[in-house]
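S.K.: Please read through the structure below; I'll follow up with questions.
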Amino acid sequence: MGRVLHPFHGIRYAQQDSRDLSRLITPPYDVISAAMRDELYARDEHNFIRIELGREPAPGEPPDGRYARAADTLRRWLAEGVLAREPERAFYLLEQQFALGGRTWRRRGVLGLVRLPERGQAGVLSHEGTLPAPKADRLALMRACRAMTSPILSMVEDDGALLLRTLWNLASNCDATARDGDGVFHRLQVIQEPGALEAIQDAVGAGPVFIADGHHRFETAIAYRDEMRQAHPDAPEDAGFNHALMLITSARDEAVKILPTHRLISGLGEAGVREMMSRIRDSCEVHEWPLPDPTALGSQPWLEGMSPERHAFGAYCGDGKYYVLILRDEVLPKPERVADALDVTVLHRHLIEPVVDQVGAQRVHLSYVVHEEEAIQAVARGECDFALFLRPTRVSDVLAAARAGERMPGKSTYFYPKVPAGLVVSDASEAPI
């Protein structure tokens, strides 16, 4: 198998007087709330939200009206010069600078097109299951726009750190910058020098590529490619629809971060809370910590100090104490799969699911947050009965599960920072890349 990553004629904002895209980029579609969408609409008349996640159809408009609007906007912005197609094929170096855990990090990745695998090929590996509704939404957008509007975040194992070294050895120039709502600073650089293009392709090699964030977009790209092949049987091998837009990073990069996604449980009632506490005390070593200031939880690394060899969780149920729970070894059978050994799997299988079964699934609601203080405040406001906290899933576990062909439970990983939509778009028509 040859090189999996290819340079392409990217589509991006063609600003004449400024290269600051802060007003124009948008988060990926799956983290945009209704309020955030309205704010992005108001931020700038050319904000990419109008393509990535347009407003719901207006009265009298067809149900798929927002997809037609997105396609019209993309074509109009190209005609007006708001967006422009790169005259030469390129890779796009993206450097993201962000603060996390009291440190400043810089992560580099390369935006390019990855050839979509054929049936039976293992060039792109997944670790997460998908849902029909998001795939239907993204497929409708791809059909209308004939473009991939936001990249899939992916990794290569990069055992010798060749990709990591190659990206950091590139001369630092800057063609565009942006600061997003999380305070992440993005620097985009167009790479067109032939030697640099080849070095990047060689460093990524033949894969496999591991999807970090964007499983729905990947499966959508496969479905769209199959449709386009039927419609355009004479299209060239390097047609845009045969590829997916990806940001490729090195799994050896310490700045590839996964945040934990904590669980909020509501609808338990008094009996359900008692059942949860009973199961906790039966199956876990319980350590109590005072919690005088709920907003300070994120600065107390109690869970991070626990041995990675044991399953440890945090819990808060509004009684002024933070509980660290360590599952007793005798409770857990020997795991048969990679996913069975994950904290998130164990938490659901031994604590959450039995209590839900006891109380009744129709009564219990499970929701998810990334920030600890948000979870504590939700309990304090009475919006949920229990907050259960997880440690981050390790990158090595993601690679191992994907390599084994396993699917982790939903909301097992939250890769950070996200890759904005609007930095670079790829043409997904029958035209060559």
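Computed from the coordinates by the stated procedures, all read-outs in this text should not be read as laboratory data. Note that the structure is a prediction, hence the values are computed from the model and not measured. Heads up, the Cβs are rebuilt from the backbone with ideal geometry, glycines too, and the neighbour counts pull from every protein chain shown.
S.K.: Looking only at VAL209, VAL82, VAL395, which one moves most when the chain is put into a Gaussian network model with springs between Cα atoms under 10 Å?
M.R.: VAL82
S.K.: Loop only per DSSP, at most 15 neighbouring Cβ atoms within 10 Å: give me the GluC sites (Glu not before Pro) in segment 138-247, ordered by residue number.
M.R.: GLU237
S.K.: Still on this structure: At most 15 other Cβ atoms within 10 Å and a DSSP loop assignment: could you name the GluC sites (Glu not before Pro) in segment 38-109 that fit?
M.R.: Values: sites: GLU39, GLU45, GLU52, GLU80, GLU88, GLU95; in loops: GLU45, GLU88.
Sparse-neighbourhood loop GluC sites (Glu not before Pro): GLU45, GLU88.
S.K.: Of the chain, which part is the longest with no trypsin sites (Lys or Arg not before Pro) in a loop (DSSP not H, G, I, E, B) and with at most 10 other C-beta atoms within 10 angstrom?
M.R.: 120-380
S.K.: Once the Cβ-Cβ distance between ASP202 and ASN173 is put in as r, and R0 is 30 Å, what FRET efficiency do you end up with, to the nearest 0.05?
M.R.: Calculated value: 0.90.
S.K.: Right, here's the next one. What shape does segment 14-155 have by the C-alpha gyration tensor, where a ≥ b ≥ c are the square roots of the eigenvalues, rounded means a/c under 1.5, and otherwise prolate means a/b greater than b/c and oblate the rest?
M.R.: Rounded shape, in that the Cα axes give a/c under 1.5.
S.K.: With a Förster radius of 30 Å, plug the Cβ-Cβ distance of ALA361 and ARG310 into 1/(1 + (r/R0)^6) and report the FRET value to the nearest 0.05. Working shown, then result.
M.R.: Values: r = 29 Å, r/R0 = 0.98.
The value I calculate is 0.55.
S.K.: Here's something else I'd like to know. How many nm separate the modelled label positions at ARG381 and GLN192, each set 7 Å beyond the Cα in the direction of the Cβ?
M.R.: Going from the ARG381 label point to the GLN192 one covers 5.0 nm.
S.K.: Give the relative contact order (percent, whole number) for segment 1-116; include only Cα pairs under 8 Å separated by 6+ residues.
M.R.: 36
S.K.: Which of these, ALA133, ALA178, ALA255, has the largest mean-square fluctuation under a Gaussian network model of the chain (Cα springs below 10 Å)?
M.R.: Result: ALA133 has the largest fluctuation of those listed.
S.K.: What is the gain in length, in nm to one decimal, between GLU118 and GLN15 on full extension, counting 0.36 nm per residue of separation less the C-alpha to C-alpha distance?
M.R.: 33.3 nm
S.K.: Based on the Cα coordinates of the chain, what is the per residue volume of their convex hull in Å³?
M.R.: Cα convex hull per residue, to the nearest whole number: 168 Å³.
S.K.: What angle do you read, to the nearest 10 degrees and between 0 and 90, between the alpha-carbon axis of helix 215-231 and the longest principal axis of the chain?
M.R.: Relative to the chain, helix 215-231 is tipped by roughly 40 degrees.
S.K.: Can you give the angle from 0 to 90° between the axis of helix 34-43 and the longest principal axis of the chain, with both taken from C-alpha atoms, to the nearest 10?
M.R.: That works out to roughly 40 degrees.
S.K.: May I pose another question? Over the chain, how many pairs of lysines fall under 22 Å by alpha carbon, counting only those 8 or more apart in sequence or from different chains?
M.R.: 4
S.K.: Restricting to Cα pairs below 8 Å that are 6+ residues apart, what does the relative contact order work out to for the chain? Please round to a whole percent.
M.R.: 25
S.K.: Decide, for segment 261-391, between rounded, prolate and oblate: order the square roots of the alpha carbon gyration tensor eigenvalues as a ≥ b ≥ c, take rounded if a/c falls under 1.5, and otherwise choose prolate if a/b is larger than b/c, else oblate.
M.R.: oblate
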